[in-house]
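Right, one structure below, let's go through it.
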Amino acid sequence: MEKDKVKNLPLEQLLAELSTSRDGLSTSEASNREQRYGQNILKNEAKKSTVSLLVKQFRSSLIYLLIAASALSFALKDWNDGIVIAVILLINTGLGFYQEFRSEKAVEKLQKLVGKETLVLRDSKQLLVPEKCLVPGDVVILREGDIVPADVRLFSVDNLTANESQLTGESIPVAKNTAGITALVYAGSTVAQGEAKGIVYATASNTQLGKIAHLSSSTKRETQFEKSLSAFSNFLVRVTFLTLAIVFVLKLLIVHDTSHIGDLLLFIIALSIAVVPEAMPVIVTVTLSRGALNLAKRHVIAKTLTAVEDLGNISVLCSDKTGTLTENKQSVKQLVADDPELFQHLAIASLESKDEKRKRLQGSFDKAFLDYVPKDIQNEALRYTRLEELPFDPAARRRRVVYTDGHKTYLVEVGSAETLLDLTKDHHQTKHMDTIQKNGALGLRHLGIAYKEVTYTTPEEFNILEHEDGLHFVGFVALEDPLRPSAKRTVRLARELGVDIKILSGDSREVTQYTATEVGLMEGDQVVLTGDDIDKLSDSQLTEAAEKNSAFARLNPEQKYRIIKLLKAHGDVVGYQGDGINDAPSLKLADVAIAVNNATDVAQDSADILLLRSDIGVIINGIRYGRAIFANINKYIRYTMIGNFGNFFALSTLYLLSSNLPLLTAQLLLTNLLGDIPLVAIATDNVNADELQQPSEYNMHSLIFTSTLLGTYTALFEILFFVLVKNQAVSVVQTSLYLYLTVIGFVVILSVRNKEHFWKAPRFSKALAWAFSVIAIITVAVVYFKPTQRVFSFVPLHTGTLVLTLTMTGLYLVFLDIIKVWFYRATKKLET
């Protein structure tokens, strides 16, 4: 239905048109409507089809080159090469399709883990259903922190405002009621405060968001790594084709013979295929998707594959201490009140109300009260009726509840004991503050309660914020939240990884300092600054303080945002963990946004990473694994570029100086294929601990220089090998060179897996060891297997040539390793 029609229809008429009621649909009817209307998924969120993935494999310059090479072979009536190239084409596209298909399935698995649920009325009961299963006619319940899942007409509203900036660009929340245009809320909007019930009248592409598809939050973000990789690939392709064009022209000038121009051109095409790292996109995708699935096993869900890379880049991790460094299991250790029974009654009366969706989010304070207050008092409090409430306000450091016992009405405020003592001007303030400060030094938190009797009429006429004068301070409890046993080890591991943990807490200075000291974050002359302290600092002063100190207390969301902004401006890659609606700005600002999987919808939607377990150790282990993934991608790039550059330089030189082709086209393509296949397993390889100590950096200029240096060395060895065998029969020379080029390709990975000598590298992973072993056997077998001998024009090699191949391979490895170690050590000295 169109919004203009919906806003003007009387509610009962709208219910009739949608064949629903205020109690919602039945489960069976909702299922029927899902079949009729389809799922509540925007088109650009739909998964890629198998056919589209297959077609995608044919959309690359490499495939175009292979097709051109195959067509040219058939045109020259070189049926053997034409068929071989066509088969290699099919193998390449088949491998690419298979790996991307698996990666797509991996992403689907991850999406199932992070799918949002919506609270609806079905069969007159509150149920949580996947957002994608909403249908027109469903009655949804919306509360603060929710993201509106579809276009909804509201019929019951309690102080609800919605942020509709995703559609309008206006960030100021809009007040909603049950009349006219203000009765409508749209998919993608955020509930800033209050709650409401409403009827879904449009889903999926029929929503206002669906009609403006480009505003969808699923727009792909290109990371710095992807940009650098793309720039490098484009640069390489341009340089390669320019160089090959020059080489081809020089060859024609040297031979003064155009009769074999087809064969020469075919070889040039094959050489271009061999030098371009065509498997790079597939390797990167496979490595990231496999990494994302393994992170999920470690309780870390990456919402996108690029988030895997981002996680490993974190240099500063900002987080509240509660539930991350502590267990978030509050228990009451002391009650200080003139009337303890009144305090307990008010504590139970003011528990946060939880619907089905938020029962799993029950606060640790509420659980502590339920464990502490006797059952008889809890049962007495059941007769209290809640009339209105304002959720916890981080700036005010308290929440407000209005309830009645059937005779009188009370306003109860629960929050920071210090704040409530100051608000009520209690005559025991000095004594209580002294107790709070002493307890805080022992790591105890404090929660106070204040109240007063009020005259209450209706929510529209009663403004809680105008009735906070004259409150009576009832008392406070001291609460203990034990440190996680693993907290100290986690902080130590973070330091080893070069990750600076910073506590951005709403707790008191004393409690925050106790936690930071106990886990080993506070050292030297560090101090704990409060929100009031940092408000007095200039940006430059706060930047210096934020870099120096590890713990901040009594912060509101705006102050957290400011710290993160300044850390980013200083050059840090900042990760931030937050779970509430007020954390959304900081989550969106951070380089890596992290939330637990039971956070508010807003926090989850803003997050790049979702945690299945609220523990900072989970994040640190995720960072460590993210760096290992990135290290393996860089390992592949180093490997393929050194080998490819070496082959390119050597074969281009031999192509110009030799009267015969150094390798036949099919042999060259086979070498390239055999070198790429085992690298799909590079994602599984083990990584040296020193590569995890700092975020990996992708430096295009450094990579080009390294590839050129070690590639030139590789080329010299390949040319030397050719010189040693060139006086034998052409078929023997070509077979020998094929075998040597393929084998030293395997040797390169042995050396470049680490920056020290190869024997100091960690063991190969089982998958990578098996992959190289199998391909090594195939590499040799095709030379001696009769059918492949005929197809690729190979000849069996005698023992002397095989010994020479192994000897030259061994020498190549030794000298490559020496040059590599010298280069990295020299580079490190220059950097320091």
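Hey, can you tell me all the residues within region 350-378 that are in contact with a strand residue (DSSP E or B) (Cβ under 8 Å, 6 or more places away or on another chain) and modelled with pLDDT of 80 or more?
Correct list: S350, A368, F369, D371, Y372.
State whether the residues of region 416-429 include one that is among the charged types (D, E, K, R) and closer than 25 Å to A192 by Cβ.
Among the residues of region 416-429, not one is among the charged types (D, E, K, R) and closer than 25 Å to A192 by Cβ, which makes the answer no.
Determine if region 579-587 includes at least one residue that is over 16 Å from G145 (Cα atoms) and open to solvent by less than 20 Å² (accessible area, probe 1.4 Å).
no
Quick check on T735: is it modelled with pLDDT under 85 and β-branched (V, I, T)?
no
How do the helices (runs of 4 or more DSSP H) wholly within region 359-461 filter down when requiring 3 or more residues that are farther than 17 Å from H345 by Cα: which remain?
Passing ranges, in order: 417-424, 429-440.
For the condition closer than 30 Å to K786 by Cα, crowded, with 16+ Cβ neighbours inside 10 Å and of a type outside the set (V, I, T), what is the one hit in L737, L750, L720? Give the steps one after another, and end with the answer.
Numbers: L750 fails: closer than 30 Å to K786 by Cα; L720 fails: crowded, with 16+ Cβ neighbours inside 10 Å.
Of L737, L750, L720, the one residue that is closer than 30 Å to K786 by Cα, crowded, with 16+ Cβ neighbours inside 10 Å and of a type outside the set (V, I, T) is L737.
Only residues that are over 28 Å from the mean Cα position of the chain (by Cα) and crowded, with 19+ Cβ neighbours inside 10 Å: list them for region 292-331, please.
Selection gives Q330 alone.
Provide a single number: the residues in region 402-416 that are farther than 15 Å from F473 by Cα and touching a strand residue (DSSP E or B) at 6+ places or on another chain (Cβ under 7 Å). Before you say what the answer is, go through the steps one by one.
Kept after step one, since they are farther than 15 Å from F473 by Cα, are these residues of region 402-416: 402-409.
From what's left, touching a strand residue (DSSP E or B) at 6+ places or on another chain (Cβ under 7 Å): 402-404, 408-409.
So the answer is 5.
Can you tell me how many residues in region 602-614 are open to solvent by 10 Å² or more (accessible area, probe 1.4 Å) and in contact with an Asp or Glu (Cβ under 7 Å, 6 or more places away or on another chain)?
Residues flagged as open to solvent by 10 Å² or more (accessible area, probe 1.4 Å) and in contact with an Asp or Glu (Cβ under 7 Å, 6 or more places away or on another chain) within region 602-614 amount to 1.
For A68, state whether it is touching an Asp or Glu at 6+ places or on another chain (Cβ under 8 Å), among the hydrophobic types (A, V, I, L, M, F, W, C) and either open to solvent by less than 60 Å² (accessible area, probe 1.4 Å) or modelled with pLDDT under 70 (or both).
Judged against the criteria, A68 is not a match.
On the given criteria, is H260 at pLDDT 75 or above and of a type outside the set (V, I, T)?
Answer is no for this residue.
Would it be correct to say that S765 is open to solvent by less than 20 Å² (accessible area, probe 1.4 Å), among the hydroxyl-bearing types (S, T, Y) and either touching a Gly at 6+ places or on another chain (Cβ under 6 Å) or farther than 21 Å from L664 by Cα (or both)?
Criteria met by S765.
Name the residue, out of L447, L465, that is under 21 Å from L390 (Cα atoms), among the hydrophobic types (A, V, I, L, M, F, W, C) and either in contact with a helix residue (DSSP H, G or I) (Cβ under 6 Å, 6 or more places away or on another chain) or open to solvent by less than 50 Å² (accessible area, probe 1.4 Å) (or both).
Values: L465 fails: either in contact with a helix residue (DSSP H, G or I) (Cβ under 6 Å, 6 or more places away or on another chain) or open to solvent by less than 50 Å² (accessible area, probe 1.4 Å) (or both).
Criteria check complete, one pass: L447.
Can you confirm whether A603 is closer than 23 Å to V316 by Cα, in a helix (DSSP H, G or I), aliphatic (A, V, I, L, M) and modelled with pLDDT under 80?
The answer is yes for A603.
Kindly indicate the residue of region 498-521 that is closer than 23 Å to A396 by Cα and part of a loop (DSSP other than H, G, I, E, B) and also most open to solvent (accessible area, probe 1.4 Å) among those meeting that condition.
G506
Which ones in region 522-532 are over 20 Å from S586 (Cα atoms) and either hydrophobic (A, V, I, L, M, F, W, C) or buried (at least 16 other Cβ atoms within 10 Å of the Cβ) (or both)?
Result: M522, Q526, V527, V528.
Criterion first (closer than 30 Å to A516 by Cβ and either outside any helix (DSSP H, G or I) or touching a Lys or Arg at 6+ places or on another chain (Cβ under 9 Å) (or both)) does L661 satisfy it? Walk me through how you get there before you give the answer.
Working: closer than 30 Å to A516 by Cβ: no; either outside any helix (DSSP H, G or I) or touching a Lys or Arg at 6+ places or on another chain (Cβ under 9 Å) (or both): yes.
Answer is no for this residue.
If N672 satisfies all but one of (1) crowded, with 24+ Cβ neighbours inside 10 Å; (2) in contact with a Leu (Cβ under 9 Å, 6 or more places away or on another chain), what's the number of the condition it fails?
If we test N672 against (1) crowded, with 24+ Cβ neighbours inside 10 Å; (2) in contact with a Leu (Cβ under 9 Å, 6 or more places away or on another chain), just (2) comes out false.
Being in a loop (DSSP other than H, G, I, E, B) and open to solvent by less than 10 Å² (accessible area, probe 1.4 Å): is that true of L479 here? Quick ask: steps written out before the conclusion?
Numbers: in a loop (DSSP other than H, G, I, E, B): no; open to solvent by less than 10 Å² (accessible area, probe 1.4 Å): yes.
Against the criterion (in a loop (DSSP other than H, G, I, E, B) and open to solvent by less than 10 Å² (accessible area, probe 1.4 Å)), L479 does not qualify.
Restricting attention to region 1-15, report how many residues are outside any loop (DSSP other than H, G, I, E, B), open to solvent by less than 80 Å² (accessible area, probe 1.4 Å) and within 18 Å of K197 (Cβ to Cβ).
5
Taking W770 as the residue in question, decide whether it is open to solvent by 50 Å² or more (accessible area, probe 1.4 Å), free of Cβ contacts under 8 Å to residues at least 12 places away in the same chain and closer than 30 Å to N688 by Cβ.
It is false that W770 is open to solvent by 50 Å² or more (accessible area, probe 1.4 Å), free of Cβ contacts under 8 Å to residues at least 12 places away in the same chain and closer than 30 Å to N688 by Cβ.
As an exercise: evaluate R221 against (1) open to solvent by less than 40 Å² (accessible area, probe 1.4 Å); (2) modelled with pLDDT under 80; (3) under 28 Å from the mean Cα position of the chain (by Cα) and give the number of the one condition it does not meet.
Here R221 meets the rest and fails (1).
How many of the residues in region 748-782 are more than 19 Å from L802 (Cα to Cα) and among the small types (G, A, S)?
6
Within region 693-708, does at least one residue satisfy the condition of being under 16 Å from I749 (Cβ atoms), among the acidic types (D, E) and either open to solvent by 10 Å² or more (accessible area, probe 1.4 Å) or assigned to a helix (DSSP H, G or I) (or both)?
no
Within region 544-559, can you find the residues that are open to solvent by 30 Å² or more (accessible area, probe 1.4 Å) and outside any loop (DSSP other than H, G, I, E, B)?
Correct list: E544, E547, K548, E558.
Taking R825, is it among the basic types (K, R), closer than 22 Å to A666 by Cβ and open to solvent by 90 Å² or more (accessible area, probe 1.4 Å)?
No; evaluated as a whole, the condition is false for this residue.
Taking the residues in region 759-809 that are among the hydroxyl-bearing types (S, T, Y) and over 45 Å from the mean Cα position of the chain (by Cα) as candidates, determine which candidate is farthest from A729 (Cα to Cα).
The extreme case among them is T807.
Residue check: is R627 in contact with a Leu (Cβ under 8 Å, 6 or more places away or on another chain), assigned to a helix (DSSP H, G or I), of a type in the set (K, R) and crowded, with 24+ Cβ neighbours inside 10 Å? Can you show your working first?
Values: in contact with a Leu (Cβ under 8 Å, 6 or more places away or on another chain): yes; assigned to a helix (DSSP H, G or I): yes; of a type in the set (K, R): yes; crowded, with 24+ Cβ neighbours inside 10 Å: yes.
In short, yes.
So for region 589-599 (the condition being part of a helix (DSSP H, G or I), modelled with pLDDT of 85 or more and of a type in the set (D, E, K, R)), does at least one residue qualify?
For region 589-599, residues part of a helix (DSSP H, G or I), modelled with pLDDT of 85 or more and of a type in the set (D, E, K, R): absent.
The values are calculated or read from the model by the stated rules, or taken from the named source; none is laboratory data. Quantities reported herein were computed from a predicted structural model and do not represent experimental measurements. Using ideal geometry, Cβ is built from the backbone for each residue, glycine included, and neighbour counts are taken over all protein chains shown. Quick note on the areas: whole protein, heavy atoms, side chains included, nothing else; ligands and nucleic acids left out. Shrake-Rupley method; radii C 1.70, N 1.55, O 1.52, S 1.80 Å.
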